[in-house]
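Below is one structure, written out as C-alpha cells, with a few remarks after it.
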Amino acid sequence: MAFSLTWLPIVLQEAGLKVAECDGWQNRGIGDVGGIIGVICHHTANPDRSRNMPALNGLIHGRTDPTPLSGPLAQLGLGRDGTYYIVAAGRANHAGKGEWQGITAGNTHFIGIEAENTGGHDDTPWPAIQLDAYQRGVAAILKHIGKGADNCIAHKEWAPTRKTDPDFDMISFRAAVAALLAQNVPPRPLIPAFEPTVAARPTLRRGINNDPALVRQVQQRIGTTADGVFGGGTEAAVRTFQREKGLVPDGIVGPITWAAI
Ligand SMILES: [Zn+2]
C-alpha cells in the first residue's frame, strides 16, 4: 500500500515545476509519516558538480559513509536544473536529532528536500533556476498543508550544532516563500507542449509523443543514435549538448535549445 505523501508530484506540477518520479516512490519509506507540519531544507554536499542530481541514488538507497544510514534520505531531490525528483511517499531519514518549537520527531513531521549543491564556494551562488524552484516547491507544499513560510526551516536550524545546510540565508528564503504564498509573485507558466513563437518546431522531451522525424534530426545533430525515440539516452545527450553550449541542462528541446541546434 502506498504511503501518505502521494500528493507531492501533482502539487509540484501544478506550481509549474518539473517533476521526475523515481520508480517505486509511492511505496518507499521507513514506515509512514505522521502529521506533516512543514519542510526541512537541505543541500546534498555531493562533490560532483558535473551532473544534475548525482546524489539521487544515495537519497533512494541510503549511504554507508561517513556513518551508515538507510534510505530513503529525503522525500524529494532537487536537481540543479530545478527538477524535483520524487523519491519517497513515506518517512525518510533526513532530519536526525534536533528540535523546533518543541518538536523532536523531525522525520515524522517534516518533508525533507535535498537540493543538489556541494555546499562549498565552488557552488555559490546557486543556479537561479534551482533556487526559484526550491522556493516555489516549498511554497506549494506549505500551501497544500495549510501552513505559512515560518514552517519552512533549514537543517542548520533544526540541528545547529551538527549541520550547516543549506548554505543560503533562510530569512530571505522564507521571505521569498512568503511572497509566493501571498501570490505577490507571478505563477510559473505550466511547461508548454509547443514552442510558442515558431509553430513549426514543437518542444521535444522525454515521455511525450514526439515527432520521430524531428527527434531524429536532433539526435543526428547532437551525435547520438538516430532512432527517432526520445528516451533516456537522448535526454542525457541533450543535457550534455546543453551544458556544452552553456544552456540550462534540462534535457528538453525547447526554443533556446532548438536555436542552438
Ligand atoms: Zn541536511
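No value in this document is a laboratory result; all are computed from the given coordinates. Note that the structure is a prediction, hence the values are computed from the model and not measured. Here the Cβ is made from the backbone with ideal geometry for all residues, glycine too, and neighbour counts use every protein chain on show.
Pick from ILE145, ILE153, ILE40: which residue has the top mean-square fluctuation in a GNM of the chain where Cα pairs under 10 Å get a spring? So, out of ILE145, ILE153, ILE40, the one fluctuating most is ILE145. Using only side-chain charges placed at the Cβ, +1 for Lys and Arg and -1 for Asp and Glu, the dipole size of the chain relative to its Cα centre rounds to 180 debye. Of the chymotrypsin sites (Phe, Trp or Tyr not before Pro) in the range 107-194, the ones in a loop by DSSP (not H, G, I, E or B) with at most 14 other beta carbons within 10 Å are PHE194. Listed by chain and number, the lysines whose alpha-carbon sits under 30 Å from that of LYS143, ignoring those within fewer than 8 places in the same chain, are LYS18, LYS97, LYS156, LYS163. Loop-located trypsin sites (Lys or Arg not before Pro) in the range 66-99 (DSSP state other than H, G, I, E, B) with a sparse environment of at most 16 neighbouring Cβ atoms within 10 Å: LYS97.
In this simple spin-label approximation, GLN101 and VAL229 carry label points 7 Å from Cα along the Cα→Cβ vector, and these lie 5.0 nm apart. Once C-alpha pairs closer than 8 Å and six or more residues apart are averaged by separation and normalised to the residue number of the range 1-129, the relative contact order reads 33 percent. Once a ≥ b ≥ c are taken as the square roots of the eigenvalues of the Cα gyration tensor of the range 8-181, is the result rounded (a/c under 1.5), prolate (a/b larger than b/c) or oblate (a/b not larger than b/c)? Cα axes put the range 8-181 in the rounded bin.
Rounded to the nearest Å, what's the spacing between the alpha carbon centres of the range 111-184 and the range 21-92? Just the number, please. After rounding, the separation between the Cα centres reads 15 Å. By other beta-carbon atoms within 10 Å, ranking LEU76, LEU204, LEU181 with the fewest at the front produces LEU181, LEU204, LEU76. The dipole here belongs to the range 57-199: it is taken about the Cα centre, uses +1 on the Cβ of Lys and Arg and -1 on the Cβ of Asp and Glu, and is about 500 debye. The string of couplings for the range 122-137 from the Karplus curve (6.51, -1.76, 1.60, θ = phi - 60°) is 5, 10, 10, x, 5, x, 4, 5, 6, 5, 4, 5, 4, 5, 5, x Hz, one whole number per residue in order, with x for Gly and Pro. Placing one equal scatterer on every Cα of the range 212-260 and applying the Debye formula, the log10 ratio I(q)/I(0) at q = 0.13, 0.19, 0.21, 0.23 Å⁻¹ is -0.23, -0.50, -0.61, -0.74. Note on the chain: dipole from Cβ charges, positive end direction compared against GLY34, PHE230, GLY146; the farthest Cα belongs to PHE230.
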